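Following: one structure in structure tokens, then a few remarks.
The values are calculated or read from the model by the stated rules, or taken from the named source; none is laboratory data. This structure is a prediction, so every number in the text was calculated from the model and none was measured. Note that we place each Cβ from the backbone using ideal geometry, even for glycine, and neighbour counts take in every protein chain shown.
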Amino acid sequence: MERSRYTGKQTEYFYKTYRSLRSLASLPEKEKLFELEQLLRLHDPITHRHSSQVGDIAQQLALLSGLRQYDSHRIYYGGLFHDIGKVLVPQSYINRLSQSDLLKEQNDLLISHGVKGAFIMRHLVNMDESFASICDQHWIGEIPEKPPSQQDVDNRHWYVPFVTIADLVASAFDYNRKYQIKYKRKDVTNYVNDRFENGVFPEYIRPAFNKLMLNNRYLRYL
């Protein structure tokens, strides 16, 4: 893990969090998931709230797509922990007022949260590969300025699109994250449907997505 960009109290926090994460490796999975969520909530309540919304929406998409309970349950937790790498990013970077508030080095550290999350899940707490893949790949299809390659799309875990779409929906309506650009529901719907048209998101999720976006019952927690 890259540590050189941490200074002073940040370095102290990094080592404390790193040790806490390592201590979870031997726990049963249910306890491990509980402790990870507590760690995320304590580090940044705003990110935890967003991540909970992503998990809920991803699970709704999975259930509306007819997935079995086991997979929808794993997708929920994948959504809940898609940003777990942010526990290794200073809170002031996460909750900046705008992107321009960060220096390049600070922004690079923030952007690395996906890689950090994959490292946490794969090497520190020993979760199954789907969790690491979601952390590392949930950007695919999310960033207009960074279109994914066909290889990116082909190689991602099949759980990932549920979380990516949920992240797009939750982010669009998130008024707690000051830096987040807000979008109207029709704009989010059009953006995601364009990604279905382009093959970035698998077509079989589209009916579930459109049903979710048309029914306030599915978005009640936003």
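SER171 meets all of the listed conditions (1) closer than 25 Å to ILE84 by Cβ; (2) at pLDDT 95 or above but one, namely (2). Count of region 14-34 residues, restricted to those that are without any contact (Cβ under 8 Å) to a residue 12 or more places away in the chain and either in a helix (DSSP H, G or I) or under 27 Å from ASN210 (Cα atoms) (or both), is 6.
Do we find that LEU61 is in contact (Cβ under 8 Å) with a residue 40 or more places away in the chain, within 17 Å of CYS135 (Cβ to Cβ) and in a helix (DSSP H, G or I) in this structure?
It is false that LEU61 is in contact (Cβ under 8 Å) with a residue 40 or more places away in the chain, within 17 Å of CYS135 (Cβ to Cβ) and in a helix (DSSP H, G or I).
Filter region 130-175 down to residues that are of a type in the set (Asp, Glu) and closer than 18 Å to ARG49 by Cα and give me whichever is surrounded by the most Cβ atoms within 10 Å (Cβ to Cβ). Even if it seems obvious, please write down each step before you answer.
Filtering region 130-175 down to residues of a type in the set (Asp, Glu) leaves 136, 142, 145, 152, 154, 167, 174.
The next check asks that each one be closer than 18 Å to ARG49 by Cα; those that pass are 167, 174.
Details: ASP167: 24, ASP174: 19.
By that ranking, first place goes to ASP167.
Somewhere in region 94-113, is a residue among the hydrophobic types (A, V, I, L, M, F, W, C), under 22 Å from PRO202 (Cβ atoms) and touching a residue at least 24 places away in the same chain (Cβ under 8 Å)? No: zero hits. Criterion applied to HIS73, HIS82 was being out of contact with any strand residue (DSSP E or B) (no Cβ under 7 Å at 6 or more places or on another chain), assigned to a loop (DSSP other than H, G, I, E, B) and either over 25 Å from LEU21 (Cα atoms) or touching a residue at least 12 places away in the same chain (Cβ under 8 Å) (or both), and the one residue passing it is HIS82. Being of a type outside the set (S, T, N, Q), within 15 Å of ILE165 (Cα to Cα) and not in a helix (DSSP H, G or I) is a description that does not apply to HIS50.
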